[in-house]
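Here the structure comes first, spelled out in structure tokens, and everything after it is commentary.
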């Protein structure tokens with residue numbers, strides 16, 4: 001990275017731009033991952049064939065993984081840097097705080113981020129590495145069903161998806177603002193898009209453990 005790029009990244013605008021771009025990459029992955037996982041409702045053969053196809057393309061798969069890892073690191077580091085910078089700029093809290101533009105999602109971004117970080121580690125250990133519970137690398141469908149039949153695992157997954165929904169709502173709202181989509185005439189559309197994105201991902205992901213717990217998937 002050149003000195004000019006480093007100087008730009010050191011600014012608040014630069015860090016927000018990195019958060020926006022890395023956030024877009026992660027949102028793309030989240031949507032793609034969800035759509036792939038929803039194939040579980042088409043049956044074991046469909047989901048297992050999809051998983052086999054992914055693992056047969058090791059080159060592109062690892063390329064995508066490296067991009068996602070880089071985006072995660074950039075997103076996390078920029079978020080921490082901005083939080084520390086904001087606190088340093090205002091070491092003394094206001095006696096009376098008017099939360100006119102701050103949403104509940106914004107207030108819980110750091111806490112939600114911690115939950116998501118723990119979930120990512122757990123999710124990889126559970127359904128990718130097979131370190132938790134029953135695991136058959138050739139039968140992804142059975143792994144998912146067996147995993148979510150354990151209530152605390154399903155509960156943790158649902159909690160993580162709720163945190164992800166809040167994160168996506170505030171993240172989508174913020175990155176659209178960073179990219180210039182910020183005008184009183186159109187902000188209601190920005191809000192509607194952010195809500196729709198968060199709800200679509202939450203409902204899609206949560207539908208899987210709920211379907212297992214209810215016995216619809218077995």
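For helix 12-37, what angle does its Cα long axis make with the longest principal axis of the chain, in degrees from 0 to 90 and rounded to 10?
Its long axis makes an angle of about 20 degrees.
How tilted is helix 187-213 with respect to the longest principal axis of the chain? Cα atoms for both, answer in degrees (0 to 90, nearest 10).
Once rounded, one gets 30 degrees.
Using a 10 angstrom cutoff on alpha carbons, build the Gaussian network for the chain and name the most mobile of 58, 149, 177.
Ranking 58, 149, 177 by mean-square fluctuation puts 58 first.
From the C-alpha gyration tensor of region 117-218, pull out the three semi-axes of the equivalent ellipsoid (sqrt of 5λ each), sorted largest to smallest, in whole Å. All intermediate terms of the calculation are to be shown ahead of the outcome.
Working: eigenvalues 230, 40, 20 Å².
That gives 34, 14, 10 Å for the three semi-axes.
Two decimals, Cα atoms only, Kirkwood Rh: what is Rg/Rh over region 150-196? Provide the component values of the computation, followed by the final result.
Values: Rg = 14.4 Å, Rh = 11.9 Å.
Radius of gyration relative to Kirkwood radius: 1.21.
Between the helical axis of 58-89 and the dominant principal axis of the chain, each derived from Cα atoms, what acute angle in degrees is found, rounded to the nearest 10?
For helix 58-89, the angle is close to 30 degrees.
Would you mind listing how long the chain runs along its three principal axes, going by Cα atoms, in whole Å with the largest first?
Principal extents (Cα only, largest first): 54, 41, 34 Å.
To the nearest µm²/s, what D does Stokes-Einstein give for region 106-177 at 25 °C and 0.890 mPa s, using the Kirkwood radius over alpha carbon pairs as Rh? Each step should come with its number before you reach the end.
On the way: Rh = 13.3 Å.
Using the Kirkwood radius from Cα pairs, D works out to 184 µm²/s.
Per-residue ellipticity at 222 nm for the chain, helices alone: DSSP H runs ≥ 4 residues times -39500 (n - 2.57), over residue total, nearest 500 deg cm²/dmol? Intermediate values should be presented prior to the final figure.
Values: 9 runs with 161 residues, N = 218.
The helix contribution divided over the chain gives -25000 deg cm²/dmol.
Taken together, the values in this text are just the output of simple stated rules run on the coordinates, not laboratory data. Remember, predicted model here, so these are calculated numbers, not experimental data.
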